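Some notes on the structure that comes next.
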Amino acid sequence: MKLSSLLLPAFLLAGPSLAEHTSNWAVLVCTSRFWFNYRHLANVLSIYRTVKRLGIPDSQIILMLPDDMACNPRNAFPGTVYSNADRAVDLYGDNIEVDYRGYEVTVENFIRLLTDRVGEEMPRSKRLLTDDRSNILVYMTGHGGNEFLKFQDAEEIGAWDLADAFEQMWEKRRYHEILFMIDTCQANTMYSKLYSPNIIATGSSELDQSSYSHHADNDIGVAVIDRYTYYNLEFLESEVKDTSSKKTVGDLFDSYTYEKIHSHAGVRYDLFKGGAEEARRRLVTDFFGNVQNVEVDSGKGETNASFEEEMVRLSRTIAELHTRAEEQEAAKRNATASAAKTGKKQQQPRKIPRVAKPLTDDNWWTKKIVGATALAGCAALWGLGSYLEGVV
């Protein structure tokens, strides 16, 4: 019997779980200071509220806010941030964890965060602790232009800077798939230089187009949300009620229209393995929600049945080899006993130093196969534990 056939079940078991991601993270960045940029803070806090609603914990969200509009002396509603004139939902509230605040929001810190080029003294809450099984939503909003995004009116990140940061992430196995979203003027130029695999990118406006605000709150005195983010949220709130939603990324992108956004929202699929068809099939919750089940649903019953059959065959093989080994040992004992009965002279055994007993030709292969199959059985049982944990 070939040893490869015994090891096959463990690898079949590991296959489905390795094909999908095992964690979801979100990096949400507002790059604007000053009161008149209130809407940019509301943009990012709206996305923050949505990903938390869909199950991503604060421990897997990096929130970067350069200014605290909630505590601005011009705020007519102190301690609050709203994204709608009816002020139905306070986006700030008590349940918010800001990881980078004020002047911590810089291009350098953003790139160091993505590439994990931070010092050991950096606390866990300020680190993106992802791996090659992590899906990451990267959302950015602020003021930008052709292939750049301003950080606090003091510095800029360029399209090439962002592209190279994502490439370092890929080389360091820091992500499985990325959904990059940006809401700014000429936003689509910011993802034009990306060249790393497994990235879906979308933006609010083409080259030479502005990103427009949706509406203002007269009591607050400024615009409270941008159009692109507003209609993304409208889709997420109305179509993606919970993590069981089957709405896809393609459904979300198809909801973009010029009549609603007042600019041409863009999408880039070519970096994704399988192109547009495969990218559009990704569930919205693959990026906006928490991981509930990392196993592939299709063919699940067949996988379980084949695994059980392989485990039965493996158990029978191990039992058969154990029986064969016991028979050989019994045969050897019988031969020794027969020799004693025929009157052959038995020599008194000499006391000799204990040394390792070499395997003889008649039992070497049997013992080797028994050991190998035992190891294969352990590997299969370990794989079964991982499989059952993934299903639960």
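The values are calculated or read from the model by the stated rules, or taken from the named source; none is laboratory data. In this text, all values refer to a predicted model and were calculated from it rather than measured experimentally. Don't worry about glycine lacking a Cβ; one is built from the backbone with ideal geometry, like all the others, and counts go over all protein chains shown.
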note = Output for Cβ contacts, cut-off 7 Å, separation at least six or different chains, first residue free of Cβ contacts under 8 Å to residues at least 60 places away in the same chain in segment 106-121, second in a loop (DSSP other than H, G, I, E, B) and polar (S, T, N, Q), reads none
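Can you find a residue that is in a loop (DSSP other than H, G, I, E, B) and either touching a Pro at 6+ places or on another chain (Cβ under 7 Å) or surrounded by 23 or more Cβ atoms within 10 Å (Cβ to Cβ) (or both) anywhere in segment 132-141?
Taking segment 132-141 and keeping what is in a loop (DSSP other than H, G, I, E, B), we get 132-133.
Next, from what is left, pick out any that are either touching a Pro at 6+ places or on another chain (Cβ under 7 Å) or surrounded by 23 or more Cβ atoms within 10 Å (Cβ to Cβ) (or both): none.
Checking segment 132-141: not a single residue is in a loop (DSSP other than H, G, I, E, B) and either touching a Pro at 6+ places or on another chain (Cβ under 7 Å) or surrounded by 23 or more Cβ atoms within 10 Å (Cβ to Cβ) (or both).
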message = If I go through segment 65-90 residue by residue, how many of them are closer than 15 Å to R101 by Cα and crowded, with 24+ Cβ neighbours inside 10 Å?
response = 3
inquiry  = Looking at the structure I just gave you, is V294 at pLDDT below 80, in contact with a helix residue (DSSP H, G or I) (Cβ under 8 Å, 6 or more places away or on another chain) and within 28 Å of F253 (Cβ to Cβ)?
reply    = yes
ask   = Of (1) modelled with pLDDT under 95; (2) touching a helix residue (DSSP H, G or I) at 6+ places or on another chain (Cβ under 7 Å), D242 satisfies all except one. Which?
value = (2)
Residue identified as among the hydroxyl-bearing types (S, T, Y) and either part of a loop (DSSP other than H, G, I, E, B) or modelled with pLDDT of 95 or more (or both) among S125, S83 = S83
query = So which residues in segment 107-122 are assigned to a helix (DSSP H, G or I) and surrounded by 14 or more Cβ atoms within 10 Å (Cβ to Cβ)?
reply = V107, N109, F110, I111, R112, L113, L114, T115
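Evaluate segment 39-54: report whether one residue or more is part of a loop (DSSP other than H, G, I, E, B) and more than 25 Å from S245 (Cβ to Cβ). Write out each step before concluding.
The initial filter retains those residues of segment 39-54 that are part of a loop (DSSP other than H, G, I, E, B), namely 54.
Subsequent filtering for residues that are more than 25 Å from S245 (Cβ to Cβ) retains none.
Among the residues of segment 39-54, not one is part of a loop (DSSP other than H, G, I, E, B) and more than 25 Å from S245 (Cβ to Cβ), which makes the answer no.
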